[in-house]
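In what follows, a structure is listed as structure tokens, so that the remarks can point back to it.
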Amino acid sequence: MNDALIITVIVLAGVAVAIIVATTLIRFLRLRRERRQARLAAGPRRELLAFAAEPDASGADRLAAMPQRQWQHIEPAALALLGKLRGDGYQALAQVFDRRGIAEEAIRQTRSRSPVVRARHAELLGALRHGPAAPDLARLLRDRDVEVVVVAIRALGHVGDPRAAPALLDTLAGDRSVPAHLVAQSLTQLGPDAVPALMDALAAPAATERLTAVQAMGMLGDPRPSRAVAGVIAADPDLAVRVAAARTLGELGARVGLEPLVAALAPRSPPDLRAAAATALGALGAPTAAPALGALLNDPIYQVAHAAARALRRLGGPGLNELTGAAAGPSEWTAAHAREALAMAALANPARTARPSPLEV
Amino acid sequence: METLLSLLRAADYAFLLYFAAINTSYLVLLVLAAQEFGRHARRAPFAGADDMLRSPLTFPISIIVPAYNEGPGIVAAVQAIAALEYPTFEIIVVDDGSTDDTVDRLRDQFQLVATPRVVPSAVAYTGQVRATYVSATNPDGLLVVSKANGGKADALNVGINMARFPLLCMVDADSVMDPRALLAVAKPFVDDPVRVAATGGVVRIANGCRVVAGRVVEVGMPRQWLPRIQVIEYLRAFLMGRAGWSRLGGLVVISGAFGLFRRDLVVLAGGMASDCIGEDAELVVRLHRRLSATGGDYRVVFVSEPVSWSEAPSTLAALGKQRRRWHRGLAEILVRHRRMIGNPRYGRIGLLALPWYLQFELLAPVVELLAVVLVPAGLYAGAVNVDFAWRFLLVAYGYAFVISLAALLLEELSFHRYPRWRDLGLGFVAAVIENLGYRQLMAWWQLRGIWDAVRGGRHDWGRHQRQGFHGDQSTAGPPVAVGQPAPRGVSAAAPKETENRLHQIDTLGSSSRSTDGGIG
């Protein structure tokens, strides 16, 4: 036993020395590599920054013709710049990438066996907003690795080709758990031309698909689908979709939403829908909704009463009158919500709320 | 007599096996952590942090800062949190009946105005809410709640009630977060919103770092040996250990200094337990218990970078108090959730993580101190010879030393946060010194923590006297006028204690051993 222990001690001592030497060596090599990279990148980096500050043809030519051994040191910085630049500066730098054949190579790499390589190049294609890559990115939406799918979703949003909308929505139809909010964000980036595909998705069998379409419509702010969304509030079998539709109607600001939203305030509606409808009515700014929202202040569910109070605050005069009346009412629950909203309104607009309301006279 | 000698001999061999097992388990966790860090590094180029930052659909976060007598640092803490990079978040400071000027300082700096608020009762709390304040310049961004003293968990519960957003981030007022820390801990929720229940960020030691305007701008080893040893301990236990457990799907500790939770699940679990010292770890274990029991497919994820920085105790008295608390908390959690230990119903948590914490965390100080008594006793009685005793000690502590060195190696390979050569040298020395008194003191404090748990008694906030960070500078500008007086806050109980969780669920779920006291 003692011999075994002494051998163990010797082995441990050897391992300890090896780790100390390895740690020191790793640091030495890393620092040397970093210094060397910084030295090699200094010139090309100056070139890149000058081009980003003032894009011109000669600068683009120099970057496009830069030897690969120099370019590789500044490519990460160039990519980071792409994310920060807008307008002509972005276009000029993206063209440099294109002229270097980086986008074409990235498209080829989307077929790599490694999911990390596929995802990295999908990310690159998104950063370049490379239109011709849309079909390849759409193909990655069916990739066996869900991380690749997520990157492809985001990349398609950056590319902005509205023809990708159905494929993006289809990712939500399968058994795989794909983050719906990322799909909604990408659909929004496709712009108003994606609205027809979003309206078609309102009839999709998967609730997540319908919900995502409704969310994207709200963020797009295009009023065309208002009537269709208004119909969803009462008709859709899935509560989450109905709630999302209520929110979207508030975001779209269309008068057609008033009636279904007021109807959704009824006590028979689920609490979530009541709260979402109240919030949407506040966003719509319809003074005629004030009495219905005032009645909701007495709702036993905190979120509903709170949403009603906030909505009344947003309605201005008629809403503030409802709140002032409720603040003086017999129900402490109702009065407390009203007082909270009035205090917040006073913060937002002291002059307006200081004016006596008819109820106070 | 012979039987006694045989027992002593057997005990000594058992101790040897125990120390070998404990350090081997750490070695396994280190290997798993290395895999996790490699995976993290390979995926960083396409993590999509900038997209998260720009998207209006990135889940908004309610940051809850419980505070008790944090007057000297509270303004800088709120300013630093407010400057974090994240699309939408609110800050809720819950003052738990401070006897200093915590609220006054906040009021002066942020133009707080007292506004009445209805306090929902989604989770139970005991300390009465006295007043609520919002910032006159950003009413939806900063809420300060002043309540009667009820303890940290009670303060957190009030914050949970007041939170408007689907994700809750609980941070200590004396923590310093990296600018992109929120983005990093929220990332798993973005990628897997249906399954991720909670994420924990890594906490590193801020002593020795230069902190300017609530940001760590230069990382360095502490100037004192006690915190230096804790740096090694944190690397091994909090960074590598938890990353390893996360890889195994067995993470049961998320530091109270930096964790992110789904609010609907926290409310379903009943909020923070005010009768347990380690409320942060207890919540995670309770989430595991509830989610496993309902057959839910869920994940609790550890995020290794970026980080939150926290000041470590620099005196033996403060360190001892902290470790007693931690170990008492661990004991209370394991007793409370004893039915989960070894229970296959709770999967890897029941079969792997909790038994490990019981054997190699809770009982480690008992075994270590028994060894300190029984090995010399065996030597004195002639049950073991001197050669065995010194070899035993060299193997037990040598193995632990190698594990600490391996943690330093992994740090160098992955994050290499300590840039100076001197820091690396100090790290090697600290890994040696750790075994010469520190571990034994730790075991003594932990044993007292177990005794504290057995005796029960009052829970306190468990704060240690802050020394302040090197170069610490508040960004506080000149004091501004306090807002207009307004009515006192309202705490109206709902007629029906109902919490509507559907909104959060809809919002988030719409898509398809050693001495490493572990609950800090």
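Under the shape rule built on the C-alpha gyration tensor, where the axes satisfy a ≥ b ≥ c, the protein assembly as shown is oblate, since a/c reaches at least 1.5 while a/b does not exceed b/c. Residue by residue along A:250-262, Cβ atoms of other protein chains within 10 Å of the local Cβ number 0 on average.
Equivalent ellipsoid of the stretch A:1-141: semi-axes from √(5λ) of the C-alpha gyration tensor, largest first, are 44, 23, 11 Å. For the listed peptides A:250-259, A:84-93, A:42-51, a ranking on the average number of other beta carbons within 10 Å per residue, highest first, reads A:250-259, A:42-51, A:84-93. About its Cα centre, the protein assembly as shown has a charge dipole of approximately 980 debye under the convention of +1 per Lys or Arg Cβ and -1 per Asp or Glu Cβ, with nothing else charged. Ordering A:T8, A:I19, A:S112 by the projection of their Cα atoms onto the charge dipole of the stretch A:1-121, which places +1 on the Cβ of Lys and Arg and -1 on the Cβ of Asp and Glu, puts A:T8 at the extreme positive end.
Rounded to whole Å, give me the distance from the Cα center of the stretch A:130-168 to that of the stretch A:316-340. With the stretch A:130-168 and the stretch A:316-340 each reduced to a Cα centre, they are spaced 50 Å.
Counting each DSSP H run of 4 or more residues in chain B as -39500 (n - 2.57), what helix-only mean residue ellipticity at 222 nm follows after dividing by all residues, to the nearest 500 deg cm²/dmol?
Values: 16 runs with 233 residues, N = 520.
Taken over chain B, the calculation gives -14500 deg cm²/dmol.
Pull out a ≥ b ≥ c, the square roots of the eigenvalues of the alpha-carbon gyration tensor of the stretch A:98-188, then state rounded if a/c is under 1.5, prolate if not and a/b is larger than b/c, and oblate in the remaining case.
Here the stretch A:98-188 falls in the oblate category.
Once both labels are positioned 7 Å from their Cα atoms along Cα-to-Cβ, the gap between B:V432 and A:K84 label points is 4.5 nm.
Placing dummy labels 7 Å off each Cα toward the beta-carbon, the span from B:M1 to B:V31 is 4.7 nm. Measuring between their Cα centroids, the stretch A:169-185 and the stretch A:59-111 lie 30 Å from each other.
FRET efficiency for the pair A:R113 and B:Q440, taken as 1/(1 + (r/R0)^6) with r the Cβ-Cβ distance and R0 = 51 Å, rounds to 0.45. Mind sorting A:W333, B:W326 by how few other Cβ atoms lie within 10 Å of their own Cβ, fewest first? If I rank by nearby Cβ atoms, fewest first, I get A:W333, B:W326. In sequence order, the stretch A:72-87 has phi-based couplings of 4, 7, 10, 4, x, 5, 5, 5, 5, 5, 4, x, 9, 7, 10, x Hz under the Karplus curve 6.51 cos²θ - 1.76 cosθ + 1.60, θ = phi - 60°, and Gly or Pro positions carry x. Under a Gaussian network description of chain A, with springs only between Cα atoms under 10 Å, the residue in A:A41, A:A207, A:A341 that fluctuates furthest is A:A41.
With an 8 Å cut-off on Cα pairs and a minimum separation of 6 or more residues, tell me the relative contact order of the stretch B:56-173 in percent.
Reported relative contact order: 39 percent.
Would you give the gap between the C-alpha center of the stretch B:1-15 and the C-alpha center of the stretch B:270-290, rounded to a whole Å? Result: 41 Å between the Cα centres. Take the Cα radius of gyration of the stretch B:56-173 and divide it by 2.2 N^0.38 Å, N being the number of residues; the result is 0.96. Per residue of B:108-114, other chain Cβ atoms within 10 Å of the residue Cβ number 1 on average. For the pair B:E85 and B:R455 in one chain, pulling the backbone fully straight at 0.36 nm per residue adds 128.7 nm over the alpha carbon distance. Shielding of peptide B:436-446 by partners, expressed as the average count of other chain Cβ atoms within 10 Å per residue Cβ, is 0. Ordering B:L441, B:V285, A:A203 by Cα displacement along the dipole of the protein assembly as shown toward the positive end leaves B:L441 in first place; charges were set at the Cβ atoms of Lys, Arg (+1) and Asp, Glu (-1). In degrees from 0 to 90, rounded to the nearest 10, what is the angle of the helix A:180-189 Cα long axis to the longest principal axis of chain A? Taking the Cα atoms of chain A, the angle to A:180-189 is about 90 degrees.
GNM on chain A, alpha-carbon springs under 10 angstrom: the most fluctuating residue among A:A286, A:A38, A:A213 is A:A38.
About its Cα centre, the stretch A:113-240 has a charge dipole of approximately 300 debye under the convention of +1 per Lys or Arg Cβ and -1 per Asp or Glu Cβ, with nothing else charged.
The equivalent ellipsoid of chain B has semi-axes of 40, 25, 23 Å, largest first, where each one is the square root of 5 times an eigenvalue of the Cα gyration tensor. The alpha carbons of the stretch A:143-186 give a radius of gyration and a Dmax of 9.5, 26 Å, in that order.
Dipole check for the stretch B:240-284: with +1 at the C-beta of Lys and Arg, -1 at the C-beta of Asp and Glu, and the Cα centre as origin, the magnitude is about 300 Debye. Remark: the B:T137-B:V217 segment gains 25.9 nm on full extension, using 0.36 nm per residue and subtracting the alpha carbon distance. With 5 Å bins beginning at zero, the pair-distance distribution over Cα atoms of the stretch A:241-336 amounts to 3, 17, 29, 25, 17, 7, 2, 0 %.
Counting every other Cβ atom within 10 Å of each residue's Cβ, A:D98, A:D56, A:D136 order from fewest to most as A:D56, A:D98, A:D136. Would you work out if chain A is rounded, prolate or oblate? Take a ≥ b ≥ c from the square roots of the eigenvalues of the alpha-carbon gyration tensor; rounded if a/c is under 1.5, else prolate when a/b is larger than b/c, oblate otherwise. Prolate, since a/c reaches 1.5 and a/b exceeds b/c. In terms of surrounding Cβ atoms within a 10 Å radius of their Cβ, B:S255, B:S6, A:S58 rank from fewest to most as A:S58, B:S6, B:S255.
Placing +1 on the Cβ of each Lys and Arg and -1 on the Cβ of each Asp and Glu in the protein assembly as shown, which of A:L312, A:A346, B:A453 has its Cα farthest towards the positive end of the resulting dipole? About the Cα centre, the residue reaching furthest to the positive side is B:A453. Each principal axis of the Cα atoms in the stretch B:139-292 has its own extent, and those three values, largest first, are 44, 40, 32 angstrom. Enumerate the residues in the stretch B:388-413 having an amide nitrogen under 18 Å from the point lying 7 Å beyond the Cα of B:Y13 toward its Cβ. Taking a point 7 Å out along Cα→Cβ of B:Y13, the residues of the stretch B:388-413 whose backbone N falls under 18 Å are B:388-393, B:395-396. Across the stretch A:49-59, rounded Karplus estimates of 3J(HN,Hα) from the backbone phi angles (6.51 cos²θ - 1.76 cosθ + 1.60, θ = phi - 60°) give 5, 4, 5, 5, 6, 9, x, 9, 5, 5, x Hz, Gly and Pro being marked x.
Take the Cα of A:E34, step 7 Å toward its Cβ, do the same at A:R46, and the gap between the two points is 2.3 nm.
Here the calculated FRET efficiency for A:I6 and B:N149, from their Cβ-Cβ distance with R0 = 45 Å, stands at 0.20, rounded to the nearest 0.05. Size descriptors for the stretch B:45-101, from the alpha-carbon set: Rg then Dmax equal 14.8, 48 Å.
Coordinate-derived values only; no laboratory data. Note that this is a predicted model, so its numbers are computed, not measured. We place every Cβ from the backbone using ideal geometry, glycine too, and count neighbours over all the protein chains shown.
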